[in-house]
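Asks: I have a structure here, written as C-alpha coordinates, and I will follow up with some questions on it.
The values are calculated or read from the model by the stated rules, or taken from the named source; none is laboratory data. All values derive from a computational prediction rather than experimental measurement. Here the Cβ is made from the backbone with ideal geometry for all residues, glycine too, and neighbour counts use every protein chain on show. Side chains included, ligands, DNA and RNA excluded: accessible areas come from the protein's heavy atoms. Shrake-Rupley method; radii C 1.70, N 1.55, O 1.52, S 1.80 Å.
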Amino acid sequence: MRDVVIIGSGCAGNTAAIYTARANLKPLVIAGHEAGGQLSLTTLVENFPGFPEGINGPDLVENMKKQAEHFGAEFQHGSVVDADLSQRPFRLNIEGEWMETRTVIVATGASARWLGLESEQKLIGHGVSSCATCDGFFYRGRKIIVVGGGDSAMEEANFLSRFGSEVTVIHRREEFRASKIMLERVHNNPKVKFLLNTVVEEIFDVSEKLVTGVRLRNVKTGEIRTQDVDGFFLAIGHVPNTRVFKGQIATDPDGYILSQGGARTSVPGVFHAGDVQDRTYRQAITASAAGCMAAIEVERFLEAEGH
Ligand SMILES: Cc1cc2nc3c(=O)[nH]c(=O)nc-3n(C[C@H](O)[C@H](O)[C@H](O)COP(=O)(O)OP(=O)(O)OC[C@H]3O[C@@H](n4cnc5c(N)ncnc54)[C@H](O)[C@@H]3O)c2cc1C
(Lines give C-alpha, C1' and ligand atoms only; values in the text may rest on other atoms or scores of the structure.)
Protein backbone atom coordinates (compact mmCIF):
# COMPACT_ATOMS: atom_id res chain seq x y z
CA MET A 1 0.00 0.00 0.00
CA ARG A 2 1.37 3.38 -1.06
CA ASP A 3 0.71 6.70 0.68
CA VAL A 4 0.74 8.52 -2.63
CA VAL A 5 0.95 7.61 -6.29
CA ILE A 6 1.62 10.43 -8.74
CA ILE A 7 0.37 9.79 -12.25
CA GLY A 8 2.53 11.62 -14.79
CA SER A 9 6.18 12.65 -14.91
CA GLY A 10 6.00 16.18 -16.36
CA CYS A 11 6.76 19.34 -14.38
CA ALA A 12 3.61 18.91 -12.27
CA GLY A 13 4.23 15.25 -11.36
CA ASN A 14 7.95 15.71 -10.77
CA THR A 15 7.45 18.74 -8.54
CA ALA A 16 4.76 16.89 -6.57
CA ALA A 17 7.31 14.07 -6.25
CA ILE A 18 9.98 16.43 -4.82
CA TYR A 19 7.59 17.79 -2.20
CA THR A 20 5.99 14.48 -1.19
CA ALA A 21 9.40 12.79 -1.07
CA ARG A 22 10.74 15.51 1.22
CA ALA A 23 7.63 15.01 3.36
CA ASN A 24 8.77 11.40 3.73
CA LEU A 25 5.79 9.95 1.87
CA LYS A 26 7.93 7.82 -0.49
CA PRO A 27 5.96 8.72 -3.61
CA LEU A 28 5.70 6.47 -6.62
CA VAL A 29 5.59 8.30 -9.96
CA ILE A 30 4.05 6.50 -12.92
CA ALA A 31 5.93 8.02 -15.85
CA GLY A 32 3.39 7.39 -18.63
CA HIS A 33 3.91 7.11 -22.38
CA GLU A 34 5.79 10.42 -22.45
CA ALA A 35 8.38 10.32 -19.66
CA GLY A 36 9.23 13.91 -18.74
CA GLY A 37 6.01 15.22 -20.25
CA GLN A 38 5.70 17.98 -22.82
CA LEU A 39 8.96 19.68 -21.92
CA SER A 40 10.74 16.63 -23.26
CA LEU A 41 9.41 17.69 -26.70
CA THR A 42 11.05 21.07 -26.74
CA THR A 43 14.54 22.56 -26.90
CA LEU A 44 15.41 25.80 -25.14
CA VAL A 45 13.18 26.96 -22.26
CA GLU A 46 13.87 30.62 -21.49
CA ASN A 47 11.08 31.47 -19.09
CA PHE A 48 11.55 29.04 -16.19
CA PRO A 49 12.92 31.17 -13.34
CA GLY A 50 16.42 30.40 -12.13
CA PHE A 51 18.12 29.82 -15.50
CA PRO A 52 19.41 33.15 -16.84
CA GLU A 53 20.77 31.53 -20.00
CA GLY A 54 17.73 29.27 -20.42
CA ILE A 55 17.81 25.49 -20.12
CA ASN A 56 16.91 22.67 -22.48
CA GLY A 57 13.42 21.33 -21.74
CA PRO A 58 14.51 17.67 -21.42
CA ASP A 59 17.33 18.71 -19.02
CA LEU A 60 14.91 20.74 -16.91
CA VAL A 61 12.50 17.83 -16.33
CA GLU A 62 15.36 15.36 -15.91
CA ASN A 63 16.80 17.61 -13.19
CA MET A 64 13.43 17.68 -11.45
CA LYS A 65 13.32 13.89 -11.60
CA LYS A 66 16.83 13.57 -10.14
CA GLN A 67 15.93 16.02 -7.40
CA ALA A 68 12.86 13.92 -6.51
CA GLU A 69 14.86 10.67 -6.61
CA HIS A 70 17.48 12.25 -4.35
CA PHE A 71 14.80 12.48 -1.65
CA GLY A 72 13.50 8.95 -2.22
CA ALA A 73 10.85 9.21 -4.94
CA GLU A 74 10.50 6.11 -7.12
CA PHE A 75 9.72 6.25 -10.83
CA GLN A 76 8.02 3.44 -12.73
CA HIS A 77 7.69 3.05 -16.50
CA GLY A 78 4.25 2.45 -17.96
CA SER A 79 0.84 4.06 -17.90
CA VAL A 80 -2.21 3.83 -15.71
CA VAL A 81 -4.66 1.96 -17.94
CA ASP A 82 -7.54 1.60 -15.46
CA ALA A 83 -8.50 3.01 -12.08
CA ASP A 84 -11.02 2.36 -9.34
CA LEU A 85 -11.52 5.55 -7.33
CA SER A 86 -14.91 4.50 -5.95
CA GLN A 87 -13.52 3.46 -2.57
CA ARG A 88 -10.37 3.75 -0.50
CA PRO A 89 -7.72 2.56 -0.78
CA PHE A 90 -7.79 3.61 -4.43
CA ARG A 91 -6.78 1.02 -7.00
CA LEU A 92 -4.70 1.77 -10.07
CA ASN A 93 -3.91 -0.60 -12.89
CA ILE A 94 -0.46 -0.03 -14.35
CA GLU A 95 -0.20 -1.94 -17.61
CA GLY A 96 -2.04 -4.93 -16.16
CA GLU A 97 -0.85 -4.81 -12.56
CA TRP A 98 -3.14 -3.43 -9.86
CA MET A 99 -1.76 -1.46 -6.93
CA GLU A 100 -3.32 0.28 -3.95
CA THR A 101 -2.75 3.77 -2.64
CA ARG A 102 -4.20 6.08 -0.01
CA THR A 103 -3.98 9.17 -2.20
CA VAL A 104 -3.50 9.97 -5.89
CA ILE A 105 -2.13 13.02 -7.67
CA VAL A 106 -3.35 13.20 -11.26
CA ALA A 107 -0.69 15.06 -13.26
CA THR A 108 -1.38 13.57 -16.66
CA GLY A 109 -1.25 16.83 -18.63
CA ALA A 110 -3.12 17.82 -21.76
CA SER A 111 -1.62 16.81 -25.07
CA ALA A 112 -1.63 19.32 -27.89
CA ARG A 113 -3.52 18.26 -30.99
CA TRP A 114 -1.16 17.94 -33.92
CA LEU A 115 -1.91 17.65 -37.62
CA GLY A 116 -0.28 14.23 -37.63
CA LEU A 117 2.21 14.84 -40.47
CA GLU A 118 5.48 12.96 -40.15
CA SER A 119 7.45 16.13 -40.94
CA GLU A 120 5.55 18.01 -38.24
CA GLN A 121 6.39 15.41 -35.59
CA LYS A 122 10.07 15.43 -36.58
CA LEU A 123 10.27 19.24 -36.41
CA ILE A 124 8.62 19.75 -32.99
CA GLY A 125 11.03 21.94 -31.05
CA HIS A 126 12.83 22.89 -34.27
CA GLY A 127 10.37 25.46 -35.59
CA VAL A 128 7.14 23.55 -34.95
CA SER A 129 5.45 24.47 -31.68
CA SER A 130 2.09 24.28 -29.95
CA CYS A 131 2.85 27.07 -27.50
CA ALA A 132 3.10 30.70 -28.61
CA THR A 133 3.78 32.00 -25.10
CA CYS A 134 6.71 29.62 -24.86
CA ASP A 135 8.29 29.97 -28.27
CA GLY A 136 7.10 33.25 -29.85
CA PHE A 137 10.17 35.12 -28.68
CA PHE A 138 12.42 32.91 -30.85
CA TYR A 139 10.79 34.29 -34.02
CA ARG A 140 11.55 37.99 -33.81
CA GLY A 141 11.51 39.49 -37.32
CA ARG A 142 10.67 36.07 -38.83
CA LYS A 143 7.79 34.64 -40.81
CA ILE A 144 5.20 32.76 -38.77
CA ILE A 145 2.27 30.49 -39.56
CA VAL A 146 -0.56 29.76 -37.11
CA VAL A 147 -2.90 26.86 -37.89
CA GLY A 148 -6.43 27.01 -36.47
CA GLY A 149 -9.72 28.85 -36.52
CA GLY A 150 -10.76 29.15 -32.87
CA ASP A 151 -10.19 31.77 -30.21
CA SER A 152 -6.85 30.34 -29.20
CA ALA A 153 -5.59 30.56 -32.81
CA MET A 154 -6.67 34.22 -32.93
CA GLU A 155 -5.05 34.90 -29.57
CA GLU A 156 -1.83 33.25 -30.69
CA ALA A 157 -1.81 35.11 -34.03
CA ASN A 158 -2.19 38.45 -32.25
CA PHE A 159 0.44 37.57 -29.67
CA LEU A 160 2.90 36.31 -32.32
CA SER A 161 2.47 39.47 -34.40
CA ARG A 162 4.46 41.25 -31.67
CA PHE A 163 7.47 39.23 -32.75
CA GLY A 164 7.09 38.08 -36.34
CA SER A 165 7.56 40.16 -39.48
CA GLU A 166 4.30 38.60 -40.71
CA VAL A 167 1.83 36.06 -39.41
CA THR A 168 -0.33 33.89 -41.67
CA VAL A 169 -3.35 32.17 -40.14
CA ILE A 170 -4.17 28.98 -42.01
CA HIS A 171 -7.66 27.60 -41.57
CA ARG A 172 -9.21 24.65 -43.37
CA ARG A 173 -12.68 26.21 -43.58
CA GLU A 174 -14.18 29.57 -44.39
CA GLU A 175 -16.15 29.88 -41.15
CA PHE A 176 -14.44 30.39 -37.82
CA ARG A 177 -15.18 29.00 -34.40
CA ALA A 178 -13.46 32.08 -32.96
CA SER A 179 -15.64 34.75 -31.37
CA LYS A 180 -16.47 37.85 -33.39
CA ILE A 181 -14.45 40.14 -31.18
CA MET A 182 -11.30 38.01 -31.41
CA LEU A 183 -11.67 37.72 -35.18
CA GLU A 184 -12.13 41.45 -35.53
CA ARG A 185 -9.02 42.13 -33.52
CA VAL A 186 -6.97 39.89 -35.79
CA HIS A 187 -8.56 41.26 -38.97
CA ASN A 188 -7.53 44.75 -37.84
CA ASN A 189 -3.96 43.65 -37.22
CA PRO A 190 -1.93 44.73 -40.26
CA LYS A 191 0.71 42.05 -39.68
CA VAL A 192 -1.76 39.15 -39.87
CA LYS A 193 -3.21 37.71 -43.06
CA PHE A 194 -5.52 34.74 -43.57
CA LEU A 195 -5.41 31.76 -45.88
CA LEU A 196 -8.82 30.08 -45.75
CA ASN A 197 -9.99 26.73 -47.12
CA THR A 198 -6.37 25.71 -46.87
CA VAL A 199 -4.62 22.70 -45.37
CA VAL A 200 -0.95 22.02 -44.69
CA GLU A 201 0.32 19.02 -46.62
CA GLU A 202 4.00 19.10 -45.68
CA ILE A 203 6.45 21.04 -43.54
CA PHE A 204 10.02 21.52 -44.82
CA ASP A 205 12.84 20.80 -44.06
CA VAL A 206 13.32 17.63 -42.03
CA SER A 207 16.80 17.04 -43.47
CA GLU A 208 17.96 20.41 -42.14
CA LYS A 209 16.14 19.85 -38.81
CA LEU A 210 14.65 23.33 -39.23
CA VAL A 211 11.35 24.75 -40.45
CA THR A 212 11.95 26.56 -43.75
CA GLY A 213 8.61 26.32 -45.55
CA VAL A 214 5.30 24.55 -46.07
CA ARG A 215 3.33 23.02 -48.90
CA LEU A 216 -0.31 24.11 -48.80
CA ARG A 217 -3.42 22.93 -50.64
CA ASN A 218 -6.59 24.88 -51.21
CA VAL A 219 -9.36 22.37 -50.45
CA LYS A 220 -11.82 24.17 -52.76
CA THR A 221 -9.71 24.75 -55.86
CA GLY A 222 -7.09 22.03 -55.34
CA GLU A 223 -4.35 24.62 -55.91
CA ILE A 224 -1.01 23.68 -54.40
CA ARG A 225 1.48 26.31 -53.30
CA THR A 226 4.58 26.56 -51.17
CA GLN A 227 5.35 29.30 -48.71
CA ASP A 228 8.51 30.21 -46.81
CA VAL A 229 8.14 30.18 -43.04
CA ASP A 230 10.37 30.08 -39.96
CA GLY A 231 7.93 29.36 -37.12
CA PHE A 232 4.96 26.99 -37.41
CA PHE A 233 2.44 27.15 -34.56
CA LEU A 234 -0.45 24.73 -34.03
CA ALA A 235 -3.50 26.14 -32.29
CA ILE A 236 -6.07 23.42 -32.90
CA GLY A 237 -6.70 22.50 -29.28
CA HIS A 238 -5.52 20.24 -26.50
CA VAL A 239 -6.79 16.91 -25.20
CA PRO A 240 -6.61 16.45 -21.42
CA ASN A 241 -5.39 12.96 -20.51
CA THR A 242 -8.31 11.95 -18.28
CA ARG A 243 -9.84 9.11 -20.27
CA VAL A 244 -8.97 6.47 -17.66
CA PHE A 245 -10.81 8.45 -14.96
CA LYS A 246 -13.90 9.09 -17.05
CA GLY A 247 -17.06 9.02 -14.92
CA GLN A 248 -15.04 8.85 -11.70
CA ILE A 249 -13.64 12.38 -11.37
CA ALA A 250 -15.72 15.42 -12.33
CA THR A 251 -14.45 17.03 -15.52
CA ASP A 252 -15.74 19.73 -17.83
CA PRO A 253 -17.22 18.66 -21.20
CA ASP A 254 -13.76 18.70 -22.80
CA GLY A 255 -12.33 16.38 -20.14
CA TYR A 256 -10.36 18.90 -18.05
CA ILE A 257 -10.57 18.10 -14.33
CA LEU A 258 -12.91 20.45 -12.50
CA SER A 259 -11.13 21.78 -9.45
CA GLN A 260 -13.01 21.80 -6.19
CA GLY A 261 -10.65 24.47 -4.82
CA GLY A 262 -6.90 24.21 -4.20
CA ALA A 263 -5.80 20.94 -5.77
CA ARG A 264 -8.94 19.02 -4.80
CA THR A 265 -10.94 16.99 -7.28
CA SER A 266 -14.49 15.73 -6.77
CA VAL A 267 -13.02 12.61 -5.10
CA PRO A 268 -11.56 13.24 -1.62
CA GLY A 269 -7.98 11.93 -1.61
CA VAL A 270 -7.50 12.44 -5.35
CA PHE A 271 -5.75 15.69 -6.28
CA HIS A 272 -4.99 17.41 -9.56
CA ALA A 273 -1.80 19.10 -10.71
CA GLY A 274 -0.84 20.91 -13.90
CA ASP A 275 -2.25 21.14 -17.39
CA VAL A 276 -4.79 18.35 -16.81
CA GLN A 277 -6.86 20.95 -14.94
CA ASP A 278 -5.48 24.19 -16.41
CA ARG A 279 -6.76 25.26 -19.78
CA THR A 280 -5.58 28.84 -19.34
CA TYR A 281 -1.90 29.14 -18.44
CA ARG A 282 -0.27 25.86 -19.57
CA GLN A 283 3.27 26.71 -18.53
CA ALA A 284 6.04 24.72 -16.87
CA ILE A 285 6.12 27.09 -13.91
CA THR A 286 2.36 26.96 -13.33
CA ALA A 287 2.37 23.17 -13.66
CA SER A 288 5.22 22.93 -11.14
CA ALA A 289 3.41 25.27 -8.77
CA ALA A 290 0.30 23.11 -9.07
CA GLY A 291 2.41 20.03 -8.28
CA CYS A 292 3.59 21.73 -5.11
CA MET A 293 -0.01 22.56 -4.11
CA ALA A 294 -1.18 19.00 -4.71
CA ALA A 295 1.70 17.61 -2.63
CA ILE A 296 0.93 19.87 0.31
CA GLU A 297 -2.73 18.88 0.13
CA VAL A 298 -1.77 15.20 0.12
CA GLU A 299 0.36 15.71 3.25
CA ARG A 300 -2.51 17.45 5.04
CA PHE A 301 -5.07 14.91 3.89
CA LEU A 302 -2.99 11.98 5.14
CA GLU A 303 -2.23 13.73 8.41
CA ALA A 304 -5.92 14.43 9.00
CA GLU A 305 -6.61 10.75 8.38
CA GLY A 306 -3.98 9.80 10.95
CA HIS A 307 -1.30 8.42 8.58
C1 LIG B 1 6.65 22.22 -27.81
C2 LIG B 1 6.36 22.78 -26.45
C3 LIG B 1 7.18 23.76 -25.92
C4 LIG B 1 6.94 24.27 -24.66
N5 LIG B 1 7.77 25.22 -24.17
C6 LIG B 1 7.55 25.73 -22.94
C7 LIG B 1 8.40 26.76 -22.40
O8 LIG B 1 9.35 27.21 -23.06
N9 LIG B 1 8.12 27.24 -21.17
C10 LIG B 1 7.06 26.79 -20.43
O11 LIG B 1 6.87 27.25 -19.30
N12 LIG B 1 6.22 25.83 -20.91
C13 LIG B 1 6.46 25.30 -22.13
N14 LIG B 1 5.59 24.37 -22.65
C15 LIG B 1 4.41 23.99 -21.86
C16 LIG B 1 4.81 22.99 -20.77
O17 LIG B 1 5.59 21.97 -21.35
C18 LIG B 1 3.57 22.42 -20.10
O19 LIG B 1 2.78 23.46 -19.58
C20 LIG B 1 3.96 21.49 -18.97
O21 LIG B 1 4.77 20.45 -19.46
C22 LIG B 1 2.74 20.89 -18.28
O23 LIG B 1 3.20 20.00 -17.31
P24 LIG B 1 2.30 18.81 -16.77
O25 LIG B 1 3.17 18.06 -15.82
O26 LIG B 1 1.02 19.35 -16.27
O27 LIG B 1 1.93 17.92 -18.03
P28 LIG B 1 2.83 17.21 -19.13
O29 LIG B 1 4.13 17.85 -19.27
O30 LIG B 1 1.94 17.11 -20.31
O31 LIG B 1 3.07 15.75 -18.52
C32 LIG B 1 2.04 14.82 -18.45
C33 LIG B 1 2.62 13.49 -18.01
O34 LIG B 1 1.55 12.59 -17.76
C35 LIG B 1 1.88 11.33 -18.30
N36 LIG B 1 0.65 10.59 -18.52
C37 LIG B 1 -0.40 10.89 -19.33
N38 LIG B 1 -1.36 9.92 -19.25
C39 LIG B 1 -0.89 9.01 -18.36
C40 LIG B 1 -1.39 7.77 -17.85
N41 LIG B 1 -2.58 7.27 -18.21
N42 LIG B 1 -0.64 7.07 -16.96
C43 LIG B 1 0.56 7.57 -16.56
N44 LIG B 1 1.09 8.73 -17.00
C45 LIG B 1 0.36 9.43 -17.89
C46 LIG B 1 2.70 11.63 -19.52
O47 LIG B 1 3.51 10.52 -19.87
C48 LIG B 1 3.53 12.81 -19.01
O49 LIG B 1 4.67 12.33 -18.35
C50 LIG B 1 5.83 23.81 -23.90
C51 LIG B 1 4.99 22.81 -24.42
C52 LIG B 1 5.25 22.30 -25.67
C53 LIG B 1 4.36 21.22 -26.22
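Asks: Determine how large the accessible area of ASP254 is when every protein chain is in place; take a 1.4 Å probe and give Å² rounded to the nearest 10.
Replies: Accessible area of ASP254: about 90 Å².
Asks: Just ALA83, ALA110, ALA17 to compare: in a GNM of the chain, with alpha carbon springs under 10 Å, which one fluctuates most?
Replies: Maximum among the listed residues: ALA83.
Asks: OK, next. Round to the nearest 0.05 the FRET efficiency obtained for ASN93 and MET1 when R0 = 22 Å and r is the Cβ-Cβ distance.
Replies: 0.90
Asks: Can you give the FRET efficiency for ILE285 and GLU166, using 1/(1 + (r/R0)^6), R0 = 45 Å, r = Cβ-Cβ distance, to the nearest 0.05?
Replies: 0.90
Asks: Relative contact order for the chain using alpha-carbon pairs under 8 Å, separation at least 6, rounded to a whole percent?
Replies: It rounds to 21 percent for the chain.
Asks: Here's another thing I want to ask about it. Apply the Karplus curve 6.51 cos²θ - 1.76 cosθ + 1.60, θ = phi - 60°, to the phi angles in region 256-270 and return the couplings in whole Hz, x for Gly and Pro.
Replies: Calculated HN-Hα couplings, in order: 6, 5, 8, 6, 9, x, x, 10, 7, 9, 6, 10, x, x, 10 Hz.
Asks: Throw me the Rg/Rh for region 189-235, computed over C-alpha atoms with Kirkwood Rh, two decimals.
Replies: Dividing the radius of gyration by the Kirkwood radius yields 1.00.
Asks: With 10 Å bins from zero, work out the P(r) of region 29-149 over every alpha carbon pair and list the percent per bin.
Replies: Per 10 Å bin, starting at zero, the Cα-Cα P(r) for region 29-149 comes out as 10, 33, 30, 19, 6, 1 percent.
Asks: Multiply the residue gap between LEU258 and ARG185 by 0.36 nm, knock off their C-alpha separation, and tell me the result in nm, one decimal place.
Replies: Full-extension gain reported as 23.2 nm.
Asks: Still on this model: Rounded, prolate or oblate, given the Cα gyration tensor of region 1-48, with a/c below 1.5 counting as rounded?
Replies: oblate
Asks: Give me the Kirkwood hydrodynamic radius of the chain, using the inverse of the mean 1/r over all pairs of distinct Cα atoms, in Å to one decimal.
Replies: After inverting the pairwise mean of 1/r, the radius is 20.4 Å.
Asks: Charges at C-beta only: +1 for Lys and Arg, -1 for Asp and Glu. How large is the resulting dipole of region 191-307 about its Cα centre, in Debye rounded to 20?
Replies: For this selection, approximately 440 debye.
Asks: Roll a 1.4 angstrom probe over the protein heavy atoms and tell me the percent of accessible area of region 1-67 that is carbon or sulfur.
Replies: Answer for region 1-67: carbon and sulfur cover 49 percent of the accessible area.
Asks: Same structure, new question: Would you work out if region 14-79 is rounded, prolate or oblate? Take a ≥ b ≥ c from the square roots of the eigenvalues of the alpha-carbon gyration tensor; rounded if a/c is under 1.5, else prolate when a/b is larger than b/c, oblate otherwise.
Replies: oblate
Asks: Can you compute the radius of gyration and Dmax for region 77-232, using only the Cα atoms, both in Å?
Replies: So, for region 77-232, Rg and Dmax equal 20.1, 60 Å respectively.
Asks: Using alpha carbons only, how many angstrom separate the centre of region 54-76 from the centre of region 119-150?
Replies: Value for the Cα centre distance between the two parts: 26 Å.
Asks: Now for a different question. Give the list, by residue number, of cysteines in the chain with no other Cys Cβ closer than 4.7 Å, or say none.
Replies: By the Cβ distance rule, which asks for a partner under 4.7 Å, the isolated cysteines are CYS11, CYS292.
Asks: Pop the C-beta distance of GLU46 and GLU208 into the FRET formula with R0 = 25 Å and round what comes out to the nearest 0.05.
Replies: Approximately 0.65, to the nearest 0.05.
Asks: Long-range amide H contacts for GLU201: which residues qualify at under 5 Å (H placed 1.01 Å from N, peptide plane, sequence gap of 5 or more or a different chain)?
Replies: Counting only residues 5 or more places away or on other chains, the set is ARG215, LEU216, ARG217.
Asks: Leaving out ligands and nucleic acids, and using a 1.4 Å probe, what accessible area per residue does the chain come to in Å²?
Replies: 49 Å²
Asks: Okay, moving on. Two-decimal Rg/Rh of region 165-307 from alpha-carbon positions, Kirkwood Rh?
Replies: Result for region 165-307 is an Rg/Rh of 1.13.
Asks: Considering only protein heavy atoms, what is the solvent-accessible area of TRP114 at a probe of 1.4 Å, reported in Å² to the nearest 10?
Replies: Taking all protein chains as shown, TRP114 has close to 70 Å².
Asks: Mind checking the full-extension length gain between VAL81 and LYS26? Use 0.36 nm per residue of separation minus the Cα-Cα distance, one decimal, nm.
Replies: Stretched out fully, the VAL81 to LYS26 stretch lengthens by 17.6 nm.
Asks: Below 8 Å between Cα atoms, with a sequence gap of 6+, how large is the relative contact order for region 127-175 in percent?
Replies: In percent, rounded to a whole number, it is 42.
Asks: Aspartates and glutamates near LYS180 by alpha-carbon distance under 12 Å, same-chain residues fewer than 8 away left out - which ones?
Replies: Once the sequence-local aspartates and glutamates are set aside, what remains near LYS180 is ASP151.
Asks: At 0.36 nm per residue, and after removing the present C-alpha to C-alpha distance, how many nm does the segment from GLN67 to GLU53 gain when stretched out fully?
Replies: Extra length from GLN67 to GLU53 when fully extended: 3.0 nm.
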